[in-house]
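S.K.: Before we start, here is the structure in question, set down as C-alpha coordinates.
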Amino acid sequence: MGTAQNTLNSVISCLDIRVHFKPLSHSDLLLSIASANWKDKDAREEIIKFVAEIENIGNGFEFSKDFFLKTCLVLCDFTNIAFKVDNFNKANMLTIEAQWEKITQALRLTVTLIDGFGYERETLTSNYALIPIAYYLLKKGLPQNFVQSASFQQDREKIKKWLTLSLLKKAFGGTPDDVLRPLRQVIEKNHDTFPFEAIVNEFRGKPKSITFSEDDIQTLFDNWYGNAYTFSILALLYPTLDFRNKFHVDHIFPKSLFTRRKLEKLAISDDKIEIFIGEFNLLANLQLMEGIPNIEKSNKDFKEWLFATYPGLQARHNFMEKNYIPDVDLSLENFDVFIAEGSKLMKKNLSNLLKFQLIV
(Lines give C-alpha, C1' and ligand atoms only; values in the text may rest on other atoms or scores of the structure.)
Protein backbone atom coordinates (compact mmCIF):
# COMPACT_ATOMS: atom_id res chain seq x y z
CA MET A 1 0.00 0.00 0.00
CA GLY A 2 2.84 2.31 0.88
CA THR A 3 4.57 1.68 -2.46
CA ALA A 4 1.35 2.32 -4.40
CA GLN A 5 0.75 5.53 -2.45
CA ASN A 6 4.28 6.70 -3.15
CA THR A 7 3.84 6.00 -6.87
CA LEU A 8 0.53 7.87 -6.87
CA ASN A 9 2.12 10.82 -5.10
CA SER A 10 4.92 10.87 -7.69
CA VAL A 11 2.43 10.88 -10.57
CA ILE A 12 0.44 13.68 -8.93
CA SER A 13 3.63 15.63 -8.39
CA CYS A 14 4.64 15.22 -12.05
CA LEU A 15 1.19 16.23 -13.22
CA ASP A 16 1.32 19.28 -10.98
CA ILE A 17 4.64 20.29 -12.50
CA ARG A 18 3.29 19.79 -16.02
CA VAL A 19 0.15 21.78 -15.29
CA HIS A 20 2.08 24.73 -13.87
CA PHE A 21 4.93 24.67 -16.38
CA LYS A 22 4.78 27.66 -18.76
CA PRO A 23 7.06 27.38 -21.79
CA LEU A 24 9.21 30.35 -22.73
CA SER A 25 7.92 32.52 -25.56
CA HIS A 26 10.17 32.84 -28.59
CA SER A 27 11.20 36.37 -27.61
CA ASP A 28 11.90 35.28 -24.02
CA LEU A 29 14.09 32.49 -25.35
CA LEU A 30 16.02 34.95 -27.52
CA LEU A 31 16.35 37.34 -24.59
CA SER A 32 17.80 34.53 -22.54
CA ILE A 33 20.34 33.80 -25.29
CA ALA A 34 21.25 37.49 -25.45
CA SER A 35 21.65 37.69 -21.68
CA ALA A 36 23.92 34.65 -21.71
CA ASN A 37 26.18 36.19 -24.36
CA TRP A 38 26.42 39.86 -23.39
CA LYS A 39 29.58 40.70 -21.48
CA ASP A 40 28.90 43.93 -19.60
CA LYS A 41 25.11 44.35 -19.50
CA ASP A 42 22.08 42.24 -18.66
CA ALA A 43 20.29 42.12 -22.02
CA ARG A 44 16.88 41.23 -20.58
CA GLU A 45 16.98 44.02 -18.01
CA GLU A 46 18.27 46.61 -20.50
CA ILE A 47 15.71 45.76 -23.19
CA ILE A 48 12.72 45.64 -20.85
CA LYS A 49 13.74 48.95 -19.26
CA PHE A 50 14.29 50.65 -22.62
CA VAL A 51 11.02 49.41 -24.13
CA ALA A 52 9.15 50.77 -21.08
CA GLU A 53 10.92 54.11 -21.56
CA ILE A 54 9.93 54.63 -25.20
CA GLU A 55 6.39 53.38 -24.54
CA ASN A 56 5.94 56.40 -22.26
CA ILE A 57 6.92 59.02 -24.84
CA GLY A 58 4.08 61.45 -25.63
CA ASN A 59 0.60 59.99 -25.27
CA GLY A 60 2.06 56.50 -25.10
CA PHE A 61 2.89 53.59 -27.40
CA GLU A 62 2.99 49.81 -27.16
CA PHE A 63 6.11 47.96 -28.27
CA SER A 64 6.85 44.27 -27.94
CA LYS A 65 10.21 42.66 -27.19
CA ASP A 66 9.92 41.00 -30.63
CA PHE A 67 9.78 44.43 -32.28
CA PHE A 68 12.86 45.63 -30.45
CA LEU A 69 14.86 42.49 -31.22
CA LYS A 70 13.93 42.81 -34.91
CA THR A 71 15.08 46.44 -34.79
CA CYS A 72 18.45 45.29 -33.47
CA LEU A 73 18.88 42.82 -36.35
CA VAL A 74 18.12 45.49 -38.95
CA LEU A 75 20.12 48.35 -37.42
CA CYS A 76 23.20 46.19 -36.93
CA ASP A 77 23.24 45.44 -40.67
CA PHE A 78 23.08 41.67 -40.24
CA THR A 79 22.52 40.03 -43.60
CA ASN A 80 19.84 37.71 -42.24
CA ILE A 81 17.16 39.53 -40.24
CA ALA A 82 14.77 36.60 -39.80
CA PHE A 83 13.45 36.21 -36.26
CA LYS A 84 15.04 32.87 -35.50
CA VAL A 85 17.48 31.47 -32.96
CA ASP A 86 20.36 31.09 -35.45
CA ASN A 87 20.51 34.86 -35.91
CA PHE A 88 20.95 35.39 -32.18
CA ASN A 89 24.31 33.67 -32.00
CA LYS A 90 27.13 34.83 -29.76
CA ALA A 91 28.84 36.98 -32.42
CA ASN A 92 25.62 38.80 -33.27
CA MET A 93 24.74 39.30 -29.63
CA LEU A 94 28.12 40.87 -28.92
CA THR A 95 27.62 43.17 -31.93
CA ILE A 96 24.23 44.26 -30.58
CA GLU A 97 25.77 44.92 -27.17
CA ALA A 98 28.55 46.98 -28.76
CA GLN A 99 25.97 48.97 -30.78
CA TRP A 100 23.53 49.30 -27.88
CA GLU A 101 23.83 53.06 -27.37
CA LYS A 102 23.38 53.84 -31.05
CA ILE A 103 20.43 51.45 -31.39
CA THR A 104 18.61 52.96 -28.42
CA GLN A 105 19.39 56.52 -29.50
CA ALA A 106 18.04 55.84 -32.99
CA LEU A 107 14.81 54.29 -31.72
CA ARG A 108 14.29 56.91 -29.01
CA LEU A 109 14.74 59.67 -31.60
CA THR A 110 12.35 57.89 -33.97
CA VAL A 111 9.57 57.54 -31.40
CA THR A 112 10.00 61.18 -30.36
CA LEU A 113 9.75 62.16 -34.03
CA ILE A 114 6.56 60.24 -34.75
CA ASP A 115 5.04 61.52 -31.51
CA GLY A 116 5.60 64.94 -33.07
CA PHE A 117 3.67 63.70 -36.12
CA GLY A 118 0.68 63.10 -33.84
CA TYR A 119 0.90 59.31 -33.68
CA GLU A 120 0.31 57.26 -30.55
CA ARG A 121 -0.61 53.73 -29.50
CA GLU A 122 -4.01 53.59 -31.22
CA THR A 123 -3.02 55.27 -34.49
CA LEU A 124 0.41 53.73 -35.13
CA THR A 125 -0.97 50.69 -36.93
CA SER A 126 2.42 49.03 -37.54
CA ASN A 127 5.41 49.37 -35.24
CA TYR A 128 7.61 47.84 -37.94
CA ALA A 129 7.23 51.04 -39.96
CA LEU A 130 9.49 52.73 -37.39
CA ILE A 131 12.47 50.49 -38.13
CA PRO A 132 13.43 52.07 -41.50
CA ILE A 133 13.16 55.53 -39.93
CA ALA A 134 15.46 54.48 -37.09
CA TYR A 135 17.87 52.97 -39.63
CA TYR A 136 17.88 56.21 -41.62
CA LEU A 137 18.55 58.34 -38.53
CA LEU A 138 21.36 55.98 -37.53
CA LYS A 139 22.98 56.26 -40.96
CA LYS A 140 22.55 60.02 -40.84
CA GLY A 141 24.58 60.21 -37.64
CA LEU A 142 21.73 60.55 -35.10
CA PRO A 143 21.35 64.36 -35.25
CA GLN A 144 19.90 65.21 -31.85
CA ASN A 145 18.24 68.38 -33.17
CA PHE A 146 16.45 66.46 -35.93
CA VAL A 147 12.98 66.78 -34.36
CA GLN A 148 13.12 70.56 -33.82
CA SER A 149 15.62 72.12 -36.23
CA ALA A 150 14.30 74.06 -39.23
CA SER A 151 17.20 72.70 -41.27
CA PHE A 152 15.60 69.25 -41.14
CA GLN A 153 12.04 70.35 -41.88
CA GLN A 154 11.91 68.99 -45.44
CA ASP A 155 13.47 65.75 -44.26
CA ARG A 156 10.82 65.40 -41.55
CA GLU A 157 8.07 66.04 -44.09
CA LYS A 158 9.39 63.26 -46.35
CA ILE A 159 9.54 60.83 -43.44
CA LYS A 160 6.04 61.75 -42.31
CA LYS A 161 4.57 61.29 -45.78
CA TRP A 162 6.33 57.95 -46.27
CA LEU A 163 5.18 56.74 -42.85
CA THR A 164 1.58 57.81 -43.45
CA LEU A 165 1.38 56.21 -46.89
CA SER A 166 3.05 53.01 -45.68
CA LEU A 167 0.55 52.68 -42.84
CA LEU A 168 -2.42 53.35 -45.12
CA LYS A 169 -1.22 50.81 -47.70
CA LYS A 170 -0.51 48.31 -44.88
CA ALA A 171 2.94 47.82 -46.36
CA PHE A 172 4.25 45.90 -43.35
CA GLY A 173 1.44 43.37 -43.21
CA GLY A 174 2.22 39.72 -43.83
CA THR A 175 6.00 39.26 -43.91
CA PRO A 176 7.66 42.55 -42.91
CA ASP A 177 11.15 41.19 -43.69
CA ASP A 178 10.28 41.35 -47.39
CA VAL A 179 9.86 45.11 -46.97
CA LEU A 180 12.58 45.79 -44.41
CA ARG A 181 15.38 44.24 -46.47
CA PRO A 182 14.92 46.33 -49.66
CA LEU A 183 14.14 49.43 -47.61
CA ARG A 184 17.42 49.04 -45.76
CA GLN A 185 19.29 48.70 -49.05
CA VAL A 186 17.72 51.87 -50.48
CA ILE A 187 18.44 53.88 -47.32
CA GLU A 188 22.00 52.56 -47.04
CA LYS A 189 22.69 53.95 -50.51
CA ASN A 190 20.72 57.20 -50.07
CA HIS A 191 20.83 58.82 -46.64
CA ASP A 192 21.82 62.44 -47.25
CA THR A 193 18.09 63.11 -47.06
CA PHE A 194 15.28 60.64 -46.52
CA PRO A 195 15.00 58.83 -49.89
CA PHE A 196 11.23 59.07 -50.35
CA GLU A 197 11.31 59.07 -54.15
CA ALA A 198 13.82 56.21 -54.31
CA ILE A 199 11.62 54.13 -51.98
CA VAL A 200 8.51 54.82 -54.07
CA ASN A 201 10.37 53.73 -57.21
CA GLU A 202 11.85 50.63 -55.54
CA PHE A 203 8.40 49.28 -54.70
CA ARG A 204 6.45 50.63 -57.66
CA GLY A 205 4.43 47.86 -59.29
CA LYS A 206 5.21 45.41 -56.49
CA PRO A 207 2.81 43.99 -53.86
CA LYS A 208 4.14 46.37 -51.18
CA SER A 209 3.92 49.49 -53.34
CA ILE A 210 2.89 52.73 -51.62
CA THR A 211 1.50 54.22 -54.82
CA PHE A 212 -2.24 54.86 -54.86
CA SER A 213 -4.77 54.18 -57.59
CA GLU A 214 -8.14 55.94 -57.72
CA ASP A 215 -9.68 52.78 -56.26
CA ASP A 216 -7.19 52.90 -53.38
CA ILE A 217 -8.20 56.48 -52.66
CA GLN A 218 -11.88 55.57 -52.75
CA THR A 219 -11.21 52.72 -50.30
CA LEU A 220 -9.84 55.22 -47.79
CA PHE A 221 -13.39 56.50 -47.37
CA ASP A 222 -14.38 53.16 -45.85
CA ASN A 223 -12.70 54.41 -42.67
CA TRP A 224 -14.66 56.31 -40.05
CA TYR A 225 -14.41 57.90 -36.61
CA GLY A 226 -12.55 55.63 -34.18
CA ASN A 227 -10.93 53.53 -36.91
CA ALA A 228 -7.17 53.12 -36.43
CA TYR A 229 -6.39 54.42 -39.95
CA THR A 230 -8.56 57.53 -39.80
CA PHE A 231 -5.88 59.69 -38.20
CA SER A 232 -3.41 58.84 -40.98
CA ILE A 233 -5.92 59.91 -43.64
CA LEU A 234 -6.60 63.19 -41.85
CA ALA A 235 -2.86 63.73 -41.38
CA LEU A 236 -2.54 63.55 -45.19
CA LEU A 237 -5.36 66.04 -45.60
CA TYR A 238 -3.80 68.48 -43.11
CA PRO A 239 -0.14 68.50 -44.20
CA THR A 240 0.70 71.92 -42.76
CA LEU A 241 -0.46 71.34 -39.18
CA ASP A 242 2.19 71.26 -36.47
CA PHE A 243 1.22 68.03 -34.74
CA ARG A 244 3.46 68.80 -31.78
CA ASN A 245 0.36 70.73 -30.73
CA LYS A 246 -2.09 67.97 -29.92
CA PHE A 247 -5.04 67.77 -32.27
CA HIS A 248 -8.33 66.00 -31.68
CA VAL A 249 -10.36 64.18 -34.32
CA ASP A 250 -13.49 66.33 -34.15
CA HIS A 251 -16.99 65.80 -35.51
CA ILE A 252 -17.89 68.89 -37.55
CA PHE A 253 -21.58 68.33 -36.86
CA PRO A 254 -21.48 67.18 -33.19
CA LYS A 255 -22.06 63.47 -32.73
CA SER A 256 -24.26 64.21 -29.71
CA LEU A 257 -26.99 65.39 -32.13
CA PHE A 258 -27.24 62.07 -33.91
CA THR A 259 -29.69 60.11 -31.82
CA ARG A 260 -33.13 59.23 -33.08
CA ARG A 261 -34.80 61.12 -30.24
CA LYS A 262 -32.88 64.34 -30.85
CA LEU A 263 -33.30 64.20 -34.61
CA GLU A 264 -37.04 63.62 -34.26
CA LYS A 265 -37.20 66.56 -31.86
CA LEU A 266 -35.51 68.71 -34.53
CA ALA A 267 -38.22 67.62 -36.99
CA ILE A 268 -35.86 65.66 -39.23
CA SER A 269 -37.88 63.37 -41.49
CA ASP A 270 -37.85 59.64 -40.82
CA ASP A 271 -36.15 58.77 -44.11
CA LYS A 272 -33.29 61.17 -43.36
CA ILE A 273 -32.84 60.03 -39.76
CA GLU A 274 -31.56 56.63 -40.88
CA ILE A 275 -29.20 58.25 -43.37
CA PHE A 276 -27.86 60.76 -40.84
CA ILE A 277 -27.22 58.13 -38.16
CA GLY A 278 -25.37 56.04 -40.74
CA GLU A 279 -23.20 58.94 -41.93
CA PHE A 280 -22.22 61.13 -38.98
CA ASN A 281 -19.02 59.15 -38.29
CA LEU A 282 -17.81 59.30 -41.92
CA LEU A 283 -14.60 61.10 -42.91
CA ALA A 284 -16.46 64.03 -44.43
CA ASN A 285 -17.82 64.91 -40.98
CA LEU A 286 -14.39 64.81 -39.35
CA GLN A 287 -11.66 67.42 -38.98
CA LEU A 288 -8.52 67.90 -36.92
CA MET A 289 -8.85 70.60 -34.29
CA GLU A 290 -6.68 71.68 -31.39
CA GLY A 291 -7.90 70.64 -27.97
CA ILE A 292 -9.20 73.94 -26.54
CA PRO A 293 -11.11 75.10 -29.66
CA ASN A 294 -12.55 71.60 -29.93
CA ILE A 295 -13.82 71.75 -26.35
CA GLU A 296 -15.32 75.21 -26.98
CA LYS A 297 -17.09 73.93 -30.10
CA SER A 298 -18.35 70.76 -28.41
CA ASN A 299 -22.07 69.97 -28.82
CA LYS A 300 -22.88 73.31 -30.48
CA ASP A 301 -24.88 73.56 -33.68
CA PHE A 302 -22.17 73.75 -36.33
CA LYS A 303 -23.67 76.52 -38.44
CA GLU A 304 -24.28 78.71 -35.39
CA TRP A 305 -20.76 78.03 -34.07
CA LEU A 306 -19.16 78.77 -37.46
CA PHE A 307 -20.85 82.13 -37.94
CA ALA A 308 -20.26 83.17 -34.33
CA THR A 309 -16.58 82.16 -34.39
CA TYR A 310 -15.87 83.51 -37.90
CA PRO A 311 -18.27 86.43 -38.48
CA GLY A 312 -16.11 87.79 -41.30
CA LEU A 313 -16.79 86.32 -44.75
CA GLN A 314 -13.11 85.84 -45.67
CA ALA A 315 -12.16 84.26 -42.33
CA ARG A 316 -15.14 81.93 -42.58
CA HIS A 317 -14.24 81.01 -46.15
CA ASN A 318 -10.62 80.26 -45.12
CA PHE A 319 -11.79 77.99 -42.30
CA MET A 320 -14.16 76.12 -44.59
CA GLU A 321 -11.54 75.68 -47.28
CA LYS A 322 -8.93 74.40 -44.82
CA ASN A 323 -11.37 71.87 -43.37
CA TYR A 324 -13.00 70.65 -46.61
CA ILE A 325 -16.36 72.13 -45.72
CA PRO A 326 -18.47 72.51 -48.87
CA ASP A 327 -20.25 75.72 -49.78
CA VAL A 328 -23.74 74.37 -49.18
CA ASP A 329 -26.56 75.01 -46.75
CA LEU A 330 -24.99 74.07 -43.39
CA SER A 331 -28.22 73.48 -41.51
CA LEU A 332 -28.59 70.03 -39.98
CA GLU A 333 -31.49 69.24 -42.30
CA ASN A 334 -29.02 69.36 -45.21
CA PHE A 335 -26.48 67.01 -43.57
CA ASP A 336 -26.69 64.35 -46.29
CA VAL A 337 -25.79 66.93 -48.97
CA PHE A 338 -22.97 68.21 -46.74
CA ILE A 339 -21.52 64.68 -46.51
CA ALA A 340 -21.77 64.04 -50.24
CA GLU A 341 -20.14 67.33 -51.24
CA GLY A 342 -17.54 67.18 -48.46
CA SER A 343 -16.50 63.70 -49.59
CA LYS A 344 -15.94 65.05 -53.11
CA LEU A 345 -13.69 67.83 -51.77
CA MET A 346 -11.66 65.40 -49.70
CA LYS A 347 -11.28 62.92 -52.56
CA LYS A 348 -10.18 65.65 -54.96
CA ASN A 349 -7.57 66.88 -52.51
CA LEU A 350 -6.26 63.39 -51.77
CA SER A 351 -5.95 62.76 -55.50
CA ASN A 352 -3.94 65.99 -55.85
CA LEU A 353 -1.71 65.12 -52.89
CA LEU A 354 -1.00 61.69 -54.32
CA LYS A 355 -1.06 62.53 -58.01
CA PHE A 356 2.65 61.99 -58.64
CA GLN A 357 2.27 58.56 -57.07
CA LEU A 358 -0.96 57.56 -58.81
CA ILE A 359 -0.70 54.41 -60.90
CA VAL A 360 -1.27 55.42 -64.53
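The values are calculated or read from the model by the stated rules, or taken from the named source; none is laboratory data. A quick note: this is a predicted structure, and the numbers were derived from the prediction, not measured. FYI the Cβ positions are ideal-geometry reconstructions off the backbone, even for glycines, and counts take in every protein chain you see. Accessible surface areas use protein heavy atoms only, side chains included; no ligands, DNA or RNA. Shrake-Rupley method; radii C 1.70, N 1.55, O 1.52, S 1.80 Å.
S.K.: Taking 0.36 nm per residue of sequence separation and subtracting the Cα-Cα distance, how much length would be gained by fully extending the chain between Leu29 and His248, in nm to one decimal?
M.R.: Working: separation 219, 0.36 × 219 = 78.84 nm, distance 4.08 nm.
Between Leu29 and His248, full extension yields 74.8 nm more.
S.K.: Follow-up question, since we're still on this one. At 7 Å along the Cα-to-beta-carbon direction for both Leu266 and Gln185, put a label point, then send me their distance in nm to one decimal.
M.R.: 5.6
S.K.: If ligands, DNA and RNA are left out, what is the accessible area of Lys90 with a 1.4 Å probe, given in Å² to the nearest 10?
M.R.: Roughly 120 Å² of Lys90 is accessible to a 1.4 Å probe.
S.K.: Rounded to the nearest 10 degrees, what's the angle between the helix 335-353 long axis and the longest principal axis of the chain, both from Cα atoms, 0 to 90?
M.R.: Approximately 60 degrees, to the nearest ten.
S.K.: What part of the accessible area of segment 207-273, given as a whole %, is carbon or sulfur when the probe is 1.4 angstrom? Don't jump to the answer; show the numbers that get you there.
M.R.: Values: 1800 of 3430 Å².
After summing per-atom areas, the C and S share lands at 52 percent.
S.K.: Counting only heavy atoms of the protein chains, get the accessible area per residue of the chain (1.4 Å probe) and round it to a whole Å² value.
M.R.: Numbers: 18310 Å² over 360 residues.
Each residue of the chain exposes 51 Å² on average to a 1.4 Å probe.
S.K.: With θ set to phi - 60° and the Karplus curve 6.51 cos²θ - 1.76 cosθ + 1.60, what are the ³J(HN,Hα) couplings of segment 177-189 in order, to the nearest whole Hz, using x for Gly and Pro?
M.R.: Computed from phi, the couplings for segment 177-189 are 4, 5, 9, 5, 5, x, 4, 4, 5, 5, 5, 4, 8 Hz.
S.K.: May I ask for log10 I(q)/I(0) of the chain at q = 0.06, 0.10, 0.11, 0.13 Å⁻¹, from a Debye sum over the Cα atoms as equal point scatterers with solvent left out?
M.R.: Taking Cα atoms of the chain as identical point scatterers yields -0.32, -0.74, -0.84, -1.05.
S.K.: Pop the C-beta distance of Glu62 and Ala82 into the FRET formula with R0 = 22 Å and round what comes out to the nearest 0.05.
M.R.: 0.40
S.K.: Now for a separate question. If I take R0 = 41 Å and measure r between the Cβ atoms of Lys344 and Thr95 in this structure, what FRET efficiency does the formula 1/(1 + (r/R0)^6) give, to the nearest 0.05?
M.R.: Working: r = 54 Å, r/R0 = 1.32.
After rounding to 0.05, the efficiency reads 0.15.
S.K.: GluC sites (Glu not before Pro), restricted to segment 22-77: which are DSSP loop and have at most 15 other Cβ atoms within 10 Å? Each step should come with its number before you reach the end.
M.R.: Details: sites: Glu45, Glu46, Glu53, Glu55, Glu62; in loops: Glu62.
Here the sparse-neighbourhood loop sites are Glu62.
S.K.: Further, regarding this structure: If you place +1 on the Cβ of every Lys and Arg and -1 on the Cβ of every Asp and Glu, how big does the dipole about the Cα centre of the chain come out, in debye to the nearest 20?
M.R.: 620
S.K.: Something else: Pick out, from Ala150, Leu165, Phe253, the residue whose Cα sits farthest towards the positive end of the charge dipole of segment 144-269, with +1 on the Cβ of Lys and Arg and -1 on the Cβ of Asp and Glu.
M.R.: Phe253
S.K.: Can you give me the angle between helix 130-139 and the longest principal axis of the chain, using Cα atoms only, in degrees from 0 to 90, rounded to the nearest 10?
M.R.: For 130-139 against the chain, the angle is about 70 degrees.
S.K.: Excluding residues fewer than 8 places away in the same chain, name every one of the lysines whose C-alpha is closer than 29 Å to that of Lys303.
M.R.: Lys303 reaches Lys246, Lys255, Lys262, Lys265, Lys272, Lys322, Lys344, Lys347, Lys348.
S.K.: Ok, one more. Can you compute the FRET efficiency between Glu296 and Leu353 using 1/(1 + (r/R0)^6), with r the Cβ-Cβ distance and R0 = 51 Å? Round to the nearest 0.05. Can you show the working numbers first?
M.R.: Details: r = 29 Å, r/R0 = 0.58.
It comes to 0.95.
S.K.: In addition: Taking the alpha carbon gyration tensor of segment 267-347, what are the square roots of 5 times its eigenvalues, largest first, to the nearest whole Å?
M.R.: On the way: eigenvalues 89, 42, 35 Å².
With the √(5λ) rule applied to segment 267-347, the semi-axes are 21, 15, 13 Å.
S.K.: Continuing with this model, one more query. In degrees between 0 and 90, to the nearest 10, how far off the longest principal axis of the chain does helix 100-116 point, with axes built from Cα atoms?
M.R.: So the helix axis and the longest Cα principal axis differ by about 20 degrees.
S.K.: Considering only C-alpha atoms, what is the centroid distance from segment 205-237 to segment 251-277, in Å?
M.R.: 28
S.K.: When we measure straight from the Cα of Lys84, which lysines land under 19 angstrom away, once same-chain ones fewer than 8 places off are left out?
M.R.: Answer for Lys84, where 19 Å is the Cα cut-off: Lys65, Lys70, listed by chain and number.
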